[in-house]
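Chemist: Have a look at the structure that comes next, please.
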């Protein structure tokens, strides 16, 4: 549905199935950004002139939209960043310096995107802390049977994805948050693959921090959000220094601005945030129930179609309630780069590689996968195009499948 | 032009010189971490500096595997000094197919192993 709203989808015959990497942008977002630059462009939180006040008002209005989107208590809890990676680095730096001591533990999962692993590795090395990982079953679901023991006394931080980007596996974050809460351990949720797809309420979830990107939810690249509970954000030190984040600066020290500005150093991506606001409005006008329903219809069709291809193996749980929008698969005997290249010849865009989750694929003993990921604007025709391409993969490589020195499996 | 031509697929199916060389003078392992392509080249060099035996092991996509096979054929019986100077163009000419920039890494990984084969391991 709604492909007509998306100029790129409207003018090509492209089956865009790389939504887990980035979404396409509706005209409303492009128009909002062009309008901003054409009529309202000025720096924010600075000028005494009217144009700056208008730009500031427009920028801050998106903060309120974002607060509503995730049900946060206050706009002081909404920090704009350049993306989920920047948000996770912000939290890794600020939280680690506040809570970590030597031999403390950061608890993660083996399925994290590198952006929710490497920042913690850097901080663990800095503070002499260690990383531990929740156990994962071979179907990539988390085994939470021993969760109480995993949340032992040395664990000072928990960070994990709501939905794993490489496989689409939905993690039971509610259980993990509840048990961590009982032990007063802060939890960081990487929601990059969930906020675009489903209605999230941070007060119901009761997570301490939630991070996501704007560009996977129809917004422009270079936008992202960190939600943090006010009580936490007030205690944490700033990460980056610069303009806007200060209250008073002396030659040898400085004091910090109020929330959320303490965490927004420098001129923000103002037009990007305006575009993000247009994206949120666009998605909310469609309604998240409708977005989820449309996506699931196409997603289930995708899984059904892949199941009919006996030369394709889909990774992840068989229980569809534990999956979301992503199908990561292998064609034994054919390297994912060859699969993706033949699909490209059929105007189907998918991702092939390690999906920034090398430890996960190493644990599964797979060098790389092909990943198709859907969003609400995809149609069953896009999936049919994918299936035609996959049949071409089979006919091209027929007789070459499952060779002993093959690339996949 | 379809890059999956018969020659490429034949080399992928039955790579020439596939296997380890027991008495190798030089070996070199190269990995493309972005896709998991992984090749080790083995060569034996005569006192006169001529490559007189080639082998390779590993796994990769059709393009990188065919490239390894074609390159192994090409360098056999050539002077090592000349092979160490091979440019990307030599490899692309051997493959004879048009490649998009992201696939160049696939195509050139075996060449990287061969042209670095006398260097100390990483």
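Chemist: Just checking, does the range A:166-178 include any residue being surrounded by fewer than 24 Cβ atoms within 10 Å (Cβ to Cβ), within 18 Å of the chain's Cα centre (by Cα), assigned to a loop (DSSP other than H, G, I, E, B) and without any contact (Cβ under 8 Å) to a residue 40 or more places away in the chain?
Modeler: yes
Chemist: Condition (residue is closer than 25 Å to residue A:68 by Cβ and in a loop (DSSP other than H, G, I, E, B)) applied to the range A:299-312: is it met by at least one residue?
Modeler: Within the range A:299-312, none of the residues are closer than 25 Å to residue A:68 by Cβ and in a loop (DSSP other than H, G, I, E, B).
Chemist: Taking strands (runs of 3 or more DSSP E) that fall entirely within the range B:1-91, which contain at least 1 residues that are out of contact with any strand residue (DSSP E or B) (no Cβ under 9 Å at 6 or more places or on another chain)?
Modeler: none
Chemist: Among the residues of the range A:364-386, how many are over 19 Å from residue A:116 (Cβ atoms), within 13 Å of chain B (Cβ to nearest Cβ) and out of contact with any helix residue (DSSP H, G or I) (no Cβ under 6 Å at 6 or more places or on another chain)?
Modeler: Within the range A:364-386, residues that are over 19 Å from residue A:116 (Cβ atoms), within 13 Å of chain B (Cβ to nearest Cβ) and out of contact with any helix residue (DSSP H, G or I) (no Cβ under 6 Å at 6 or more places or on another chain) number 3.
Chemist: Further question on the same structure: Would you please name the residue that is surrounded by the most Cβ atoms within 10 Å (Cβ to Cβ), looking only at residues in the range B:30-50 that are farther than 22 Å from residue A:339 by Cβ and over 14 Å from the mean Cα position of the chain (by Cα)?
Modeler: B:45
Chemist: Determine whether the range B:16-29 contains at least one residue that is touching a helix residue (DSSP H, G or I) at 6+ places or on another chain (Cβ under 9 Å), closer than 24 Å to residue A:338 by Cβ, within 11 Å of chain A (Cβ to nearest Cβ) and surrounded by 14 or more Cβ atoms within 10 Å (Cβ to Cβ).
Modeler: yes
Chemist: Is it the case, given these coordinates, that residue A:279 is within 19 Å of the chain's Cα centre (by Cα) and either buried (at least 21 other Cβ atoms within 10 Å of the Cβ) or over 18 Å from residue A:55 (Cα atoms) (or both)?
Modeler: On the way: within 19 Å of the chain's Cα centre (by Cα): yes; either buried (at least 21 other Cβ atoms within 10 Å of the Cβ) or over 18 Å from residue A:55 (Cα atoms) (or both): yes.
Judged against the criteria, residue A:279 is a match.
So that you can scan it fast, the table gives a plain yes or no per residue for (1) in contact with a helix residue (DSSP H, G or I) (Cβ under 6 Å, 6 or more places away or on another chain); (2) within 12 Å of chain A (Cβ to nearest Cβ); (3) closer than 30 Å to residue A:393 by Cβ:
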site	(1), (2), (3)
B:9	no, yes, yes
B:34	no, yes, yes
B:41	yes, no, yes
B:61	yes, yes, yes
B:70	yes, no, yes
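Chemist: Another one. Hey, residue B:104 hits all of (1) buried (at least 17 other Cβ atoms within 10 Å of the Cβ); (2) under 22 Å from residue A:397 (Cβ atoms) but one; which does it fall short on?
Modeler: Answer for residue B:104: the failing condition is (1).
Chemist: So, residue A:385, is that one surrounded by fewer than 18 Cβ atoms within 10 Å (Cβ to Cβ) and not in a strand (DSSP E or B) or not?
Modeler: Here the answer is no, as residue A:385 does not meet what is asked.
Chemist: Right, here's the next one. So residue A:245 fits all but one of (1) surrounded by 18 or more Cβ atoms within 10 Å (Cβ to Cβ); (2) free of Cβ contacts under 8 Å to residues at least 24 places away in the same chain; (3) more than 23 Å from residue A:214 (Cβ to Cβ); what number is the exception?
Modeler: (3)
Chemist: Sort through A:187, A:202, A:226 and tell me the only one that's surrounded by 24 or more Cβ atoms within 10 Å (Cβ to Cβ) and touching a residue at least 12 places away in the same chain (Cβ under 8 Å). Walk me through how you get there before you give the answer.
Modeler: Numbers: A:187 fails: surrounded by 24 or more Cβ atoms within 10 Å (Cβ to Cβ); A:202 fails: surrounded by 24 or more Cβ atoms within 10 Å (Cβ to Cβ).
A:226 is the lone residue from the list that is surrounded by 24 or more Cβ atoms within 10 Å (Cβ to Cβ) and touching a residue at least 12 places away in the same chain (Cβ under 8 Å).
Chemist: On to the next question. Would you list the helices (runs of 4 or more DSSP H) that sit entirely within the range A:44-155 and hold 2 or more residues that are over 22 Å from residue A:226 (Cβ atoms) and out of contact with any strand residue (DSSP E or B) (no Cβ under 9 Å at 6 or more places or on another chain)?
Modeler: Per the criteria, A:50-70, A:147-150.
Chemist: Collect the residues in the range A:343-363 that are away from chain B (no Cβ under 11 Å), surrounded by 22 or more Cβ atoms within 10 Å (Cβ to Cβ) and either at pLDDT 95 or above or not in a loop (DSSP other than H, G, I, E, B) (or both), keeping them in residue-number order.
Modeler: Those that are away from chain B (no Cβ under 11 Å), surrounded by 22 or more Cβ atoms within 10 Å (Cβ to Cβ) and either at pLDDT 95 or above or not in a loop (DSSP other than H, G, I, E, B) (or both): A:343, A:348, A:350, A:351, A:360.
The values are calculated or read from the model by the stated rules, or taken from the named source; none is laboratory data. Keep in mind that what you see is a predicted model, and the values were worked out from it rather than measured. Every residue, glycine among them, receives a Cβ derived from its backbone with ideal geometry; neighbour counts consider all protein chains shown.
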